[in-house]
1. With a 10 Å Cβ neighbour count serving as the proxy for reagent exposure, in which order, fewest first, do 354, 7, 222 appear?
2. Once the Cα gyration tensor of the range 1-119 is found, what semi-axes does its equivalent ellipsoid get, as square roots of 5 times the eigenvalues, in whole Å, sorted largest first?
3. If you rank 129, 70, 344 by fewest surrounding Cβ atoms within 10 Å, what's the result?
4. Assigning unit charges at the beta carbon (Lys, Arg +1; Asp, Glu -1) and nothing else, what dipole magnitude in debye, to the nearest 20, does the chain show about its Cα centre?
5. What value in Å³ per residue do you get for the convex hull of the alpha-carbon atoms in the range 367-435?
6. Using a Debye calculation, one point per C-alpha and no hydration shell, please list log10 I(q)/I(0) for the chain at q = 0.08, 0.12 Å⁻¹ in order.
7. Would you mind calculating the gained length between residue 347 and residue 402 on full extension (0.36 nm times residue separation, minus the Cα-Cα distance), in nm to one decimal?
8. Pop the C-beta distance of residue 193 and residue 243 into the FRET formula with R0 = 35 Å and round what comes out to the nearest 0.05.
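Quick note: the coordinates plus some simple rules give every number you see, no bench work behind them. Just so it is clear, the model here is predicted, and its values are computed rather than measured. Using ideal geometry, Cβ is built from the backbone for each residue, glycine included, and neighbour counts are taken over all protein chains shown.
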Amino acid sequence: MRDDIRSWNRLPTVGHRHVLEVRTRNDRLPLPPGDETCIPFGNGRSYGDVCLNPGATVLRTRALDHLIAFDRACGRVTCESGMLLADLLELVVPQGWFPAATPGTRFVTLGGCVANDVHGKNHHDTGSFGNHVRSFELLRSDGQRLTCSAEHNADWFAATIGGLGLTGLITQVTFDLLPVSNPFMITQGYRFATLDEFWRLNACAEREWPYTVAWIDCTRHSGRGILFAGQHAPPQPELPPWKDHHRDVPVDLPFSCINSLSLRVFNEVYYRQKLPRGRHLTHYVPYFYPLDAVKNWNRIYGTRGFYQYQCVLPPQVSADGIADMMRQIAGSGMGSFLAVLKTFGSRPASGMLSFPRPGATLALDFPNLGEKTLRLLNRLDSIVASSGGALYPAKDARMSGAMFRRGFPQWEKMLAFIDPRFSSGFWRRVNEPEG
Ligand SMILES: Cc1cc2nc3c(=O)[nH]c(=O)nc-3n(C[C@H](O)[C@H](O)[C@H](O)COP(=O)(O)OP(=O)(O)OC[C@H]3O[C@@H](n4cnc5c(N)ncnc54)[C@H](O)[C@@H]3O)c2cc1C
């Protein structure tokens, strides 16, 4: 068994029987022996087990890293699915283009962006990644190749966007980019003292800014925090110099550095940080990808790993539901290190199992303290379930089948599209009979 294939939060810890490389997009799929199943593995930036297949096989896709076509006039690009968003950015930003939706790290593959239908800070304005996908090729385990778009094989298109890698291997994807004038953003930070203030501020900010996201202090009930708004900068007479700096957490720490004391100190210092006055220019890398500045930051949680928890609550119950969750978290003494709050807009997602939908989404990180953490997450689940919300599979290592089915009512329709040789730890967990 190989135990070196992990997702970003290092949970669950599992062994894989086979790790197979997909070397070119034109070959047949490398399949494990017998009837063993497989799941594509992009860059393992999911938190949890959508990209893991305990006791069976993962198909590594990173060798599929070629740019196939780029129409610089209209910003349409075709890439192999193992290409990193970071590499795409290097190619397209200097040409005046930018991905229409980007997650909070650029070290994800394009296949992973499709299969989790990832969203960014501009969902209220632009929708999620899948809304900008024009077509892709899907390679099935029987060798069949399907070209999928909203017009051709439309049902396969909808099953594969947000389809958690279960419908087959995406070999290449064509999608549209946004025009930009330069690599800089105009940004502004707004401090808020309470959640009520956040909702008012956010409603105004969303009318004015295409990108908005808030950090909130989960160690307090009040829900104080900072809203970060941004837009791509218009042409500038002169651009400031910018250099990418990296730090590293070089070794696996045997224990977590995150505890109630370090959390309180971090949250206080972060809340009190000096915000530049008014609007200012920021390079796109620190604006979109602040965590990428510390390589291997997941190691600060120690070898036991951590849980990410991301939910979405419908608009009419968001304010009460989020306040309730904040009370639970602050009361547990396990305040999250990184708590991110944002609202999704009303643009319908393209995928049957896409997570983004109208409402407010809260993302949280908790060190793995075993039962204590799981009890808190179960309490948060009750709030999400009674609000009619959903949990994000890309950030999940423990949701129950009932929670999944409630949050993703199209799950049954999806069954017809799952490749018989594909499965994942996540998929078996949410489908196992509940006792
Ligand atoms: C710091 C950080 C910030 C993040 N911020 C956000 C955010 O703001 N918004 C958001 O939506 N997500 C966010 N994420 C989650 C991340 O964007 C997604 O989990 C993404 O899908 C990971 O891509 P990956 O290439 O690492 O894929 P993996 O994690 O390896 O796999 C993800 C899924 O895609 C499938 N897959 C991968 N490649 C293929 C392929 N070629 N064909 C078919 N299926 C495939 C896998 O089977 C799996 O189901 C964040 C993650 C981190 C670590």
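1. 222, 354, 7
2. For the range 1-119, the semi-axes come out at 29, 17, 10 Å.
3. So the residues, fewest neighbours to most, are 70, 344, 129.
4. 840
5. 111
6. At q = 0.08, 0.12 Å⁻¹ the computed log10 ratios are -0.42, -1.02.
7. So the extension gain works out to 17.2 nm.
8. 0.50
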